[in-house]
Amino acid sequence: MKLQDKLVDALNKQIKEELASAYLYFAMAADFEFKNRSGISGWLKAQAAEEVNHAMRIYDYINDRGGKAVLAAIDAPKASWESPLAAFSAALKHEQFITECIGKLVKLAREAEDTATEVFLQWFVNEQVEEEKSAGEIVDLLTQVGESREALFMIDRELGQRQEG
Ligand SMILES: [Fe+2]
Ligand SMILES: [Fe+2]
């Protein structure tokens with residue numbers, strides 16, 4: 001069954017949101033790379049790569065269902081964050097926004113009685129739980145250590161352990 005046009009449009013909008021997420025994380029990575037926080041930067045680059053994969057998942061799904069992926073313009077993200085805490089707080093807020101977007105997509109698929117799309121979106125529903133959890137944990141950690149240079153050094157090293165994917 002071919003995807004309904006309104007679902008193609010909504011899924012294309014989500015491709016844009018996922019790529020905008022990648023753009024945001026790349027911008028943060030560049031900022032912390034510049035500020036010699038290579039661990040944080042590495043974590044953010046891995047996160048950006050994940051977001052590109054999210055976009056590709058939707059791209060493939062649209063194609064599998066006989067639709068066409070169409071790319072929209074992406075606004076430039078900020079270039080600088082005053083601290084790792086400011087960046088990860090922004091990341092958490094952003095992930096909460098993406099969770100809302102996914103929720104709306106699920107609702108749309110349900111209203112369109114497109115079960116395949118609804119099932120496809122379940123992966124994203126679960127992924128957003130993880131996304132909010134990981135950003136939230138880092139926000140908590142950074143809040144606890146405050147301005148401690150030593151603790152920030154340790155956190156930078158810890159975040160640098162993250163593997164791609
Ligand atoms: Fe994502
Ligand atoms: Fe995400």
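No lab work stands behind these numbers, since they all come straight from the coordinates. Because the structure is predicted, anything quoted here is derived from the model rather than measured. Neighbour counts are summed over all protein chains in view; Cβ atoms, including those assigned to glycine, are modelled from backbone coordinates with ideal geometry.
Would you tally the residues in the stretch 18-38 being surrounded by fewer than 17 Cβ atoms within 10 Å (Cβ to Cβ) and not in a helix (DSSP H, G or I)?
2
Report yes if Glu127 is surrounded by fewer than 13 Cβ atoms within 10 Å (Cβ to Cβ) and charged (D, E, K, R), otherwise no.
no
What number of residues in the stretch 133-165 are in contact (Cβ under 8 Å) with a residue 24 or more places away in the chain and surrounded by fewer than 18 Cβ atoms within 10 Å (Cβ to Cβ)?
Counting residues in the stretch 133-165 that are in contact (Cβ under 8 Å) with a residue 24 or more places away in the chain and surrounded by fewer than 18 Cβ atoms within 10 Å (Cβ to Cβ) gives 10.
Regarding the stretch 98-120, can at least one residue be identified that is within 14 Å of ligand 1 (Cβ to nearest atom), of a type in the set (Gly, Ala, Ser) and in a helix (DSSP H, G or I)?
Yes, some residue in the stretch 98-120 is within 14 Å of ligand 1 (Cβ to nearest atom), of a type in the set (Gly, Ala, Ser) and in a helix (DSSP H, G or I).
Just the residues that are among the acidic types (Asp, Glu) and away from ligand 2 (no atom under 16 Å from the Cβ), please, taken from the stretch 36-84.
If the condition is that a residue be among the acidic types (Asp, Glu) and away from ligand 2 (no atom under 16 Å from the Cβ), then Asp60, Asp64, Asp75, Glu82 are the ones that fit.
Are any residues in the stretch 53-103 among the charged types (D, E, K, R) and in contact (Cβ under 8 Å) with a residue 40 or more places away in the chain, and if so, which ones? Break it down stepwise before answering.
Step one: of the stretch 53-103, the residues among the charged types (D, E, K, R) are 57, 60, 64-65, 68, 75, 78, 82, 93, 95, 100.
If the condition is that a residue be among the charged types (D, E, K, R) and in contact (Cβ under 8 Å) with a residue 40 or more places away in the chain, then Arg57, Arg65, Lys68, Asp75, Lys78, Glu95 are the ones that fit.
For the stretch 47-80, which positions are of a type in the set (A, V, I, L, M, F, W, C), more than 13 Å from ligand 1 (Cβ to nearest atom) and surrounded by fewer than 19 Cβ atoms within 10 Å (Cβ to Cβ)?
Our first condition is that a residue be of a type in the set (A, V, I, L, M, F, W, C); within the stretch 47-80, this holds for 48-49, 52, 55-56, 58, 62, 69-74, 76, 79.
Those still in the list that are more than 13 Å from ligand 1 (Cβ to nearest atom) too: 62, 69-74, 76, 79.
The answer is Ala69, Val70, Leu71, Ala72, Ala73, Ile74, Ala76, Ala79.
Of the residues Ile15, Ile74, Ile58, which is out of contact with any Pro (no Cβ under 7 Å at 6 or more places or on another chain), among the β-branched types (Val, Ile, Thr) and assigned to a loop (DSSP other than H, G, I, E, B)?
Exactly one residue qualifies, and that residue is Ile74.
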